[in-house]
1. Just give me the residues in the stretch 154-178 being touching an Asp or Glu at 6+ places or on another chain (Cβ under 9 Å) and of a type outside the set (A, V, I, L, M), in sequence order.
2. Yes or no: the stretch 223-236 includes at least one residue that is closer than 30 Å to residue 146 by Cα, exposed (fewer than 14 other Cβ atoms within 10 Å of the Cβ), out of contact with any helix residue (DSSP H, G or I) (no Cβ under 7 Å at 6 or more places or on another chain) and of a type in the set (A, V, I, L, M, F, W, C).
3. When you check residue 139 against the structure, is it in contact with a Ser or Thr (Cβ under 6 Å, 6 or more places away or on another chain) and of a type in the set (D, E, K, R), yes or no?
4. Kindly evaluate residue 155 against the criterion of being more than 23 Å from residue 199 (Cα to Cα) and at pLDDT below 90.
5. May I ask you to list pairs of residues, at least six apart or on different chains, whose Cβ atoms are under 7 Å apart, with the first in the stretch 114-129 being within 20 Å of residue 180 (Cβ to Cβ) and touching a residue at least 24 places away in the same chain (Cβ under 8 Å) and the second being assigned to a helix (DSSP H, G or I) and among the basic types (Lys, Arg)?
6. Please verify whether the stretch 203-211 includes one or more residues that are more than 27 Å from residue 76 (Cα to Cα), touching a helix residue (DSSP H, G or I) at 6+ places or on another chain (Cβ under 9 Å), surrounded by 13 or more Cβ atoms within 10 Å (Cβ to Cβ) and of a type in the set (A, V, I, L, M).
7. Mind telling me which of the residues 196, 184, 179 ends up being surrounded by 14 or more Cβ atoms within 10 Å (Cβ to Cβ), among the basic types (Lys, Arg), at pLDDT 85 or above and over 18 Å from the mean Cα position of the chain (by Cα)?
8. Inside the stretch 87-160, counting only helices (runs of 4 or more DSSP H) that do not spill past its ends, which hold 3 or more residues that are within 16 Å of residue 174 (Cβ to Cβ) and not acidic (Asp, Glu)?
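The values are calculated or read from the model by the stated rules, or taken from the named source; none is laboratory data. Not measured: the values here are computed from a predicted model. Ideal geometry is used to build each Cβ from the backbone, glycine not excepted, and the neighbour counts take in all protein chains shown.
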Amino acid sequence: MRNPVSSPLRWLNVAKSKGLLLMQPPMTSPNVLQQKRQIMFQMENEKPSRLEGYYVVQPVVPDETPENNVFLSNITRNEDWPAIAKATPKEIYEGTVRMIMEYGATHQDHMEFLKEDKSVEKTFDTTLLPLLAEEYDCEYAFNTLLMRMLTDWPECTTEALKDDIHYVSILCYNQSAVKIRHKKFQEALQQIYENKNEEHLNAWQLRLIEWYLAEIRSSSFSVHNEKDYKFLSSSENLLNNFHYKYMSNITFTNEECVHVVSDRKHLEHAPPHALKLLADGNDPETGLGEV
């Protein structure tokens, strides 16, 4: 299976890198079945002083539902094990992509709810619970997809496997991790944690909130000052660069290089104990040395 569905991230990332303004798609004819959700696009760069035109970039959403996809139907009904024996690779792949994109829409709706409706009390049930069920299904679908690709599907090269799983991996990670970037979500988490005694949180709920807060701090998402955030980002890039060079040096050092020396004159200044270690054990004086 090679890229059976165009990745929405590929097109959205291109739009962001070029500073394009994304708009909602136009409404279709009344005779055409309308989708239940609207795609909400946000402009990443600063709005220019003069707008001369627009690019409309729409992700390709797979037409997969529990009614026409065995894999999605199995997860929706919460059966013991996904019907991977009956589902085709295309159904599993596109079903997973559709489920992750639906979760992304749920996430956007929920973040707008936290931002706009200030009267709602920020509790575990109102802040986290609406996202956890769909997030669990997405992780379950993605890991089942990965297991199927590594086991039952036809053999292919490592590069082909990376190509097939690359975009859906990025999509799954971004949709599950993007919520901790949201300022209102961070404030709600902090408020719940400070009121943990009044909330009567159980052990796993408290641990989940602590994990989210730790991720926010470690990723510098709690810094909203632009100057400080740029400094932290540049420092992180510098550390990543040093880490890459360090690992590259280790990899290069571990490579075994063998050079055959056939002329003893090239080693006339080498110490005797080194020659003894490098020489052919069967004929130390005249044998070929390997370096």
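1. Listed by number, the residues that qualify are 156, 172, 175, 176.
2. No, the stretch 223-236 contains no residue that is closer than 30 Å to residue 146 by Cα, exposed (fewer than 14 other Cβ atoms within 10 Å of the Cβ), out of contact with any helix residue (DSSP H, G or I) (no Cβ under 7 Å at 6 or more places or on another chain) and of a type in the set (A, V, I, L, M, F, W, C).
3. No, not satisfied.
4. When the stated conditions are applied, residue 155 passes them.
5. If the second residue must be assigned to a helix (DSSP H, G or I) and among the basic types (Lys, Arg), the pairs left are 114/184; 115/184.
6. Yes, because at least one residue in the stretch 203-211 is more than 27 Å from residue 76 (Cα to Cα), touching a helix residue (DSSP H, G or I) at 6+ places or on another chain (Cβ under 9 Å), surrounded by 13 or more Cβ atoms within 10 Å (Cβ to Cβ) and of a type in the set (A, V, I, L, M).
7. 184
8. Because the criterion is at least 3 residues that are within 16 Å of residue 174 (Cβ to Cβ) and not acidic (Asp, Glu), the helices (runs of 4 or more DSSP H) in the stretch 87-160 that meet it are 89-116, 129-151.
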